[in-house]
1. Could you compute the FRET efficiency for Lys120 and Asn53, with r as their C-beta to C-beta distance and R0 at 22 Å, rounded to 0.05?
2. What FRET efficiency comes out for Ser78 versus Leu23 if R0 is 22 angstrom and r is the Cβ-Cβ distance? Round to the nearest 0.05.
3. Take region 105-148, compute every pairwise Cα distance, and split them into 10 Å bins from 0; I just need the percent in each bin.
4. At a Förster distance of 25 Å, what's the computed FRET efficiency of Lys2 paired with Arg31, Cβ-Cβ distance as r, to 0.05?
5. How do the peptides 46-52, 6-12 rank, highest first, by the average count of neighbouring beta carbon atoms within 10 Å per residue?
6. Compute the separation of the alpha-carbon centres of region 105-147 and region 40-68 and state it in Å as a whole number.
7. Starting with the highest mean, order 24-31, 70-77 by the number of other Cβ atoms within 10 Å, averaged over the residues of each peptide.
8. Take the cross-link list Lys15/Lys101; Lys5/Lys160; Lys2/Lys160 and give me the ones stretching past 32 Å between alpha-carbons.
Amino acid sequence: MKIIKYSLSQNDFNKAVVQFNLLYSLIDYFRKNNRKEKNMAKIREILKNHYHNEKDWDFENEDEYYFAIGQVIAYILSKRNTNNKSVSEILEFLETKNIEKLKEKLIILMKRYGYYIDIKKNARFNDLYSRILTEESFLGKISEKMILAGFLSKNLFYEKKNENKTEGSN
């Protein structure tokens with residue numbers, strides 16, 4: 001994880017993605033399974049279904065919750081109107097050990113860059129952001145792995161609702 005954080009501190013997002021994927025591919029290889037890879041894909045799919053299709057839902061588990069936090073951080077940081085789109089700001093979230101402090105940092109991040117987000121056009125983002133801030137079930141150890149996975153993963157906020165439909169299906 002340290003080398004991935006270092007890549008992010010050097011603002012090398014693509015390298016961090018490759019390193020993250022390699023790390024979990026090696027874990028799966030040496031354990032002789034695809035559990036990590038399948039688990040990440042499953043968590044992303046569950047969150048995507050909640051985000052795009054459901055009006056009333058709750059996070060199913062801590063992994064989904066922390067993955068969602070990573071997605072929200074990535075989205076807010078991507079909305080900054082600056083030439084220097086540094087990704088190293090994720091590091092302060094990865095170093096946080098207390099969920100309340102993490103939520104405080106999310107609020108600060110939103111105050112800093114939230115004015116670039118059109119609230120009227122981003123109702124689903126607003127819903128997910130508020131669910132993260134009001135969630136009280138996951139008070140254990142923060143999963144920096146899942147925050148990082150959500151941050152490095154393709155962002156749900158930029159996907160169209162029916163993007164996963166295959167040709168011929170309605």
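The values are calculated or read from the model by the stated rules, or taken from the named source; none is laboratory data. Since this is a predicted model, take the numbers as computed values, not measurements. As a convention, Cβ positions derive from the backbone with ideal geometry for all residues, glycine included, and neighbour counts pool all protein chains shown. Heavy atoms of the whole protein, side chains included, go into the accessibility calculation; ligands, DNA and RNA do not. Shrake-Rupley method; radii C 1.70, N 1.55, O 1.52, S 1.80 Å.
1. Numbers: r = 21 Å, r/R0 = 0.95.
The computed FRET efficiency comes out at 0.55.
2. Plugging the Cβ-Cβ distance into 1/(1 + (r/R0)^6) gives 0.40.
3. With a bin width of 10 Å, the distribution comes to 22, 50, 26, 3.
4. Working: r = 21 Å, r/R0 = 0.84.
Working from the Cβ atoms, E equals 0.75.
5. Working: 46-52: 17.9, 6-12: 16.3.
So the peptides 46-52, 6-12, ranked by packing, come out 46-52, 6-12.
6. If we compute the Cα centre of each part, the gap is 14 Å.
7. Details: 24-31: 12.4, 70-77: 22.8.
Top of the packing list down: 70-77, 24-31.
8. Numbers: Lys15/Lys101 28 Å; Lys5/Lys160 30 Å; Lys2/Lys160 34 Å.
Going by Cα-Cα distance, Lys2/Lys160 fall outside the 32 Å limit.
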